[in-house]
Amino acid sequence: MSEEIENDLNKLMKQKIEKYKEFKERGIKNYDEKYKVDTHAEDILGNFDEYEGDTVKMAGRIMALRTHGKASFADIQDTSGQMQLYVKVDLIGEERYELFTELDIGDIVGIEGEVFQTNRGQTSVKVKDFTLLTKSLRPLPEKFHGLKDKEMRYRQRYLDLIMNPEVKDTFEIRSKIIRSFRDILEEKGFLEVETPMMHPIPGGANAKPFVTHHNALDMELYLRIAPELYLKRLIVGGFDRVYEINRNFRNEGMSYKHNPEFTTLELYQAQADYHDMMDITEKLVVESAKETLGTTELNYQGKDIDLSIPWRRVTMKELVKEETGFDYNALEDSKEAYKRAKEIGVKIEDEGLSKGEVLYEIFEKLVEEDLIQPTFVMDYPIEVSPLAQKKENEPEFTYRFEAFINGWEIANAFSELNDPFEQKERFKQQMEHREAGDEEAQMMDKDFIKALEYGMPPTGGLGIGLDRLIMLMTDSKSIRDVIFFPTMKPEQNN
């Protein structure tokens, strides 16, 4: 912000503060009275014939103010939209009219008046009385035709919501999508639960955790990277269908599709496998799109996406062969896998990877970003799937899928590993990776092993990244556009 603009804003704020003090001296109340509202802007705008001539009580923020001698017009904005006010000295008296003209853009008022249309056909409210509810002390960025600076919009979301009402639409859609998910899962007999946010052992995903310290217990704790291991404990305990919609925290990089804290749906169903999880994924995404958008046809940043069922189901090795010619089944060993990867343009720095891990590297670097239409990529290598059940006929792969839309992973699911002996060995392998410097490798969770030793039924598990899905459904360019208060660097002082 330039020094000239900063000075102008400071002057405006000083004037508004002086006016607030003057009002207080004159006994004009604000900040301490509630106002009984019976009508909102959208009620009138959508049903003028029903409201014409009626007296209504509304409250909102003044967004525009136009004074013309003995009559004034103003626009107030409430939670549902904007309404034009017509204020005339003959209707409210000289003293009240003079006070109205002293109000500022940004002030919050309550009004009582009659619904009518102006000569130009503008639906309006003819004010009979008004109350100053809250005096705004900071000037809105009205002179700049709205709030455009992205950084400021994210830092001051409250101001973004005031100046850019369409932003509110995005978050209303977000709320509706999540509500739709809950409705669908309740219908299918799932129980919504809550599990710990602070874990003594980070687990449930390969990710770097945030570390905190509990003073009373004098112990290190980790903000959860995933709720998986606790939800599966509930399956052990006898709950057959559970889900949680909540935050996860990962101490990783940030980008247009990554925020350190993000919202997921995670669910587990006994006597189910990853095929069942594909069915549930399709139902959740498609039904929520129909419910909130009225269609399964999306256009995301110029790309047409069809969510309609069925989504394509294809194994990772089949997809990689199809897209790059890399034939996993024709490889003798990892050495040959490295050679073929190099031939198709994938340079792999770590020389200790298995054939499956090389396949996964090729998929990540050359294939996944082209998966625009909804696709279930099935059967991930066992080395990158420490919590998934291995395939009976192909033990180097697991019953795991990830769902991709627009080249983004939006869901991850397994037929869950429930053999305590094998799970313990998988954890040991992860610990070896960790000791070799992999900060994202999982740690040994002995209590989870103990839970599996009591017996967990065959189970399907699913996690859906809600923020990315909402980005797609609202055509939002950045994950920050769908999170009310995204993580930001500290603001630099000018």
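The values are calculated or read from the model by the stated rules, or taken from the named source; none is laboratory data. It should be emphasised that the depicted structure is a prediction, and the values quoted were computed from it without experimental measurement. Don't worry about glycine lacking a Cβ; one is built from the backbone with ideal geometry, like all the others, and counts go over all protein chains shown. Heads up: the accessible areas ignore ligands, DNA and RNA and are worked out on the full protein's heavy atoms, side chains in. Shrake-Rupley method; radii C 1.70, N 1.55, O 1.52, S 1.80 Å.
Points to keep in mind about this one:
- Cβ pairs under 8 Å, 6+ apart, first in segment 106-126 and under 19 Å from Arg61 (Cα atoms), second of a type in the set (Asp, Glu): Ile111/Asp129; Glu112/Asp129; Gly113/Asp129; Glu114/Asp54; Val115/Glu52; Val115/Asp54; Val125/Glu114; Lys126/Glu114
- Any hit, segment 97-110, residues being assigned to a strand (DSSP E or B), surrounded by 12 or more Cβ atoms within 10 Å (Cβ to Cβ), out of contact with any Asp or Glu (no Cβ under 7 Å at 6 or more places or on another chain) and among the charged types (D, E, K, R): no
- Residue ID - most open to solvent (accessible area, probe 1.4 Å), chosen from residues in segment 390-400 that are in contact (Cβ under 8 Å) with a residue 24 or more places away in the chain and under 30 Å from the mean Cα position of the chain (by Cα): Tyr399
- Count of segment 122-140 residues which are in a loop (DSSP other than H, G, I, E, B), open to solvent by less than 40 Å² (accessible area, probe 1.4 Å) and of a type outside the set (A, V, I, L, M): 3
- Of the helices (runs of 4 or more DSSP H) lying entirely inside segment 1-80, those carrying at least 2 residues that are out of contact with any Leu (no Cβ under 9 Å at 6 or more places or on another chain), under 26 Å from Phe116 (Cα atoms) and at pLDDT 95 or above are 41-46, 48-51.
- Taking residues in segment 210-223 that are open to solvent by 100 Å² or more (accessible area, probe 1.4 Å), and partners anywhere that are outside any loop (DSSP other than H, G, I, E, B) and among the charged types (D, E, K, R), not one pair has Cβ atoms closer than 8 Å while being at least 6 places apart or on different chains.
- All positions within segment 12-60 that are open to solvent by 60 Å² or more (accessible area, probe 1.4 Å), closer than 14 Å to Thr134 by Cβ and in contact with a Ser or Thr (Cβ under 9 Å, 6 or more places away or on another chain): Lys29, Tyr31, Glu33
- Residue that is nearest to Met277 (Cα to Cα), among those in segment 340-359 that are open to solvent by 40 Å² or more (accessible area, probe 1.4 Å) and not in a loop (DSSP other than H, G, I, E, B): Lys355
- Lone unmet requirement of (1) within 30 Å of Ile449 (Cβ to Cβ); (2) buried (at least 19 other Cβ atoms within 10 Å of the Cβ); (3) out of contact with any His (no Cβ under 8 Å at 6 or more places or on another chain) for Ala337: (1)
- Of the set (1) open to solvent by less than 20 Å² (accessible area, probe 1.4 Å); (2) hydrophobic (A, V, I, L, M, F, W, C); (3) farther than 28 Å from Gly407 by Cα, all apply to Leu185 but (3).
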